Amino acid sequence: KNEVEQSPQNLTAQEGEFITINCSYSVGISALHWLQQHPGGGIVSLFMLSSGKKKHGRLIATINIQEKHSSLHITAPHPRDSAVYICAVTAGATNKLIFGTGTLLAVQP
Amino acid sequence: DTAVSQTPKYLVTQMGNDKSIKCEQNLGHDTMYWYKQDSKKFLKIMFSYNNKELIINETVPNRFSPKSPDKAHLNLHINSLELGDSAVYFCASSRYWTSGDSDTQYFGPGTRLTVL
């Protein structure tokens, strides 16, 4: 079983529909990261958080350390938000990332 | 100005060949990483260097040899390429290597390696 699990694996949403992607992890972590991988392949870091909540534009990330769970919300998604969203954690002594399997989001106009 | 760059972007080669992928970052970071993304799009750490010193070597065949001539460069050399090495290889960098200083990682554009 992977140390980082994401759900759903695939998500289709209508433009403007509030969406949530979930991430659960089974190890002690120092931080949790949300990454975005566009169809072109590039990977961009969206958030790094170790507690509470962060917001950037229409994206909100929350983490519950006690429950070992994080959520990524996109309010009013656009078709250009269509991408793979990847949850990753840093655990242990180093900053190496341990990745979830990703969630493929397709936003339809 | 590209923060983390990789060359080449695409690499197609025959089984048994030796090839290298180069990575450079201009962010002034001390730590660099190689990650492999397999055919199912799953990402996994391969190596990490901090200031030219190897600090992470995950269970990777010794046909893979990273080299860091300086802290801005991390290259990956692969000997005797096999079909299973086909993947996308991402370089990344961060300021720090210890989890006590958790830090955002910046990724290169990836190198798609196809072994025929």
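The values are calculated or read from the model by the stated rules, or taken from the named source; none is laboratory data. None of these values were measured; they are calculated from a predicted model. Glycine gets a Cβ as well: all are built from the backbone with ideal geometry, and neighbour counts include every protein chain shown. Side chains included, ligands, DNA and RNA excluded: accessible areas come from the protein's heavy atoms. Shrake-Rupley method; radii C 1.70, N 1.55, O 1.52, S 1.80 Å.
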Treating only the Cβ atoms of Lys and Arg (+1) and Asp and Glu (-1) as charged, compute the dipole magnitude of segment A:15-109 about its Cα centre; round to the nearest 20 debye.
260 debye
So which of B:Lys19/B:Lys52; B:Lys44/B:Lys71; B:Lys9/B:Lys44; A:Lys96/B:Lys52; B:Lys19/B:Lys44; A:Lys53/B:Lys36 end up more than 27 Å apart by C-alpha?
A:Lys53/B:Lys36
The protein assembly as shown - charge dipole about Cα centre, Lys and Arg +1 at Cβ, Asp and Glu -1, debye rounded to 20:
80 debye
Two decimals is fine: what is log10 I(q)/I(0) at q = 0.32 Å⁻¹ for segment A:12-51, from a Debye sum with one equal scatterer on every Cα and no solvent?
-1.09
Under 15 Å by backbone N from the virtual spin label 7 Å along Cα-to-Cβ at B:Asn62, the residues of segment B:69-106 are B:79-80
Where the centre of each part is set by its Cα atoms, how far does segment B:5-44 sit from segment A:23-84, in angstrom?
24 Å
So, over other residues within a Cβ distance under 13 Å of B:Ile21, counting Lys, Arg +1 and Asp, Glu -1, the net charge is +3
Area of B:Tyr96 that stays accessible when all protein chains are in place (1.4 Å probe, Å², to 10):
100 Å²
Picking from B:Phe42, B:Phe90, B:Phe64, which is most flexible by a Gaussian network model of chain B using Cα springs under 10 Å?
B:Phe42
Just from the alpha-carbon atoms, what are the Rg and Dmax of chain B in angstroms?
13.5, 43
Note to self: with every protein chain in place and a 1.4 Å probe, the protein assembly as shown gives an accessible area per residue in Å² of 48 Å²
Starting from the alpha-carbon convex hull of the protein assembly as shown, give the projected area averaged over all orientations, in nm².
12.3 nm²
With the full set of protein chains present, the residues of segment A:69-104 whose 1.4 Å probe accessible area falls by 20 Å² or more relative to the chain alone are A:Ala93, A:Thr94, A:Asn95, A:Lys96, A:Leu97, A:Phe99, A:Thr101
Per GNM of chain A with C-alpha springs under 10 angstrom, the most fluctuating residue out of A:Ser71, A:Ser45, A:Ser82 is A:Ser45
What spacing in nm lies between the two simple spin-label points modelled at A:Thr20 and A:Glu3, each 7 Å away from Cα in the Cβ direction?
2.7 nm
For segment B:1-48, what is the Kirkwood estimate of the hydrodynamic radius, computed as the reciprocal of the mean inverse distance between distinct Cα atoms, to one decimal in Å?
12.9 Å
What is chain B's relative contact order, in percent, from Cα pairs under 8 angstrom and six or more apart in sequence?
36 percent
Using alpha carbons only: equivalent-ellipsoid semi-axes of chain A, gyration tensor based, whole Å
23, 14, 12
